[in-house]
1. Please go through segment 29-63 and give me each residue that is exposed (fewer than 14 other Cβ atoms within 10 Å of the Cβ) and under 21 Å from E86 (Cβ atoms), ordered by number.
2. Consider segment 8-28. How many of its residues are among the polar types (S, T, N, Q) and either closer than 19 Å to T131 by Cα or buried (at least 20 other Cβ atoms within 10 Å of the Cβ) (or both)?
3. Looking only at segment 236-248, count how many residues are surrounded by 14 or more Cβ atoms within 10 Å (Cβ to Cβ) and modelled with pLDDT under 95.
4. Evaluate the following for S211: is it in contact (Cβ under 8 Å) with a residue 40 or more places away in the chain, out of contact with any Pro (no Cβ under 7 Å at 6 or more places or on another chain) and among the small types (G, A, S)?
5. Out of curiosity, is F126 within 11 Å of the chain's Cα centre (by Cα) and not assigned by TED's automatic domain parsing to the domain that holds E13?
6. Which count do you get for residues in segment 218-250 that are under 22 Å from the mean Cα position of the chain (by Cα), within 23 Å of N261 (Cα to Cα) and touching a residue at least 60 places away in the same chain (Cβ under 8 Å)?
7. Consider only pairs whose beta carbons are under 8 Å apart and that are at least six residues apart or on different chains; among these, list those whose first residue lies in segment 64-83 and is more than 20 Å from S321 (Cα to Cα) and whose second residue is among the aromatic types (F, W, Y).
8. What is the number of the single condition among (1) at pLDDT 95 or above; (2) farther than 21 Å from A229 by Cβ that V199 does not meet?
Amino acid sequence: MNKIALVGKTLDELKAIVSELGMPGFTAKQISEWLYKKRAFSVDEMSNISIKNRQLLSEKYEVGRSLPIHTANSTDGTNKYLFKTEGGHSIETVYIPDEERATLCVSSQVGCKMDCLFCMTGKQGFTAQLTATEILNQILSIPEAETLTNLVFMGMGEPFDNTLPMLKALEILTADYGYGWSPRRITVSSIGLIPGMKVFLEKSNCHLAISLHSPFSHERLELMPIEKAYPISSVLDELRKHDFSKQRRVSFEYILFDGVNDTMRHAVELVKILRGIDCRVNLIRFHAIPKVNLKGSNTEKMTFFRDYLTSNGVTATIRRSRGEDIFAACGMLSTLENSKNETAE
């Protein structure tokens, strides 16, 4: 019999478990501390729970953590980790140290349905949703787990296509019984799935990042098929209903492609469509991927774009490129690993 993972359970769920097993109610809080604060790997480590109750718990439940199966280390300090999911698939997690910050880029799905032209994960297609257990395991089980200062849900998959497990993970990350993190340390990135985005904005106080990549609908559609179902104009209309001037922040991700979306025309329109939204634009260098005929803009064009936006009231920054020597484009390592598995089968 496969045991049920405890990582990914909320305090209320843990209370239900200990009640079902006839344990004292306070045991649920003890278990949560072992899972999320002390980072236990097995039930046997939970030393302030009686041996009898640990044995009872172990009959049906396990902690549910697993270590990475592969690590790629960049010369710039970035580390990419490959994890196996319960279904035997591979997902990627990237650790990015930068002076005082240590950011982890977390995956939310195996593959992705969205098929953005510039994204390697999209080339895989969609395979499976990650559970809250598998999302949190990425954060718990990297060697640098205790040094993390920030999380970004910008790895494999579209978080708002897996909204409930992602929100459950966010609850545990920000709850006192869990990690106790401030929501301001967490950013969730989406291409603009409005139904999931609305639920997220109502139920979480974490930051939001929207992948934009062109201010013109017909051009964005060529890069991102989602534009047909949820046009960027509708996404922006929804965002205007919310206040981003206080603790919560909204930003826009904009990969600059040479001759595609990096002209004065694009900069002018971007300022126009973002008017009235308190936001930041992150300009991103393109990491080339196989069989995609897109080229990243040069530094001169990126600098011009940043300066134009900033001088016209839209704060813009150029994100430093990291980990290019370890296949930093999301999906490349897992594509190789999943292909090996398919060949072996």
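1. Selection gives S42, E59, K60.
2. If we filter segment 8-28 for residues that are among the polar types (S, T, N, Q), which is where we start, we get 10, 19, 27.
Retained after the next criterion (residues that are either closer than 19 Å to T131 by Cα or buried (at least 20 other Cβ atoms within 10 Å of the Cβ) (or both)): 10, 27.
Of the residues in segment 8-28, 2 are among the polar types (S, T, N, Q) and either closer than 19 Å to T131 by Cα or buried (at least 20 other Cβ atoms within 10 Å of the Cβ) (or both).
3. Final tally of qualifying residues: 3.
4. Yes; evaluated as a whole, the condition is true for this residue.
5. When the stated conditions are applied, F126 does not pass them.
6. Result for segment 218-250: 4.
7. Listed pairs, sorted by first residue: R65/F41; S66/F83; P68/Y81; P68/F83; I69/F83; H70/Y81.
8. With (1) at pLDDT 95 or above; (2) farther than 21 Å from A229 by Cβ applied to V199, the lone miss is (2).
The values are calculated or read from the model by the stated rules, or taken from the named source; none is laboratory data. From a predicted model like this one, the values you see are computed outputs, not experimental measurements. Reconstructed Cβ throughout: ideal geometry from the backbone, glycine too, with neighbour counts over all protein chains shown.
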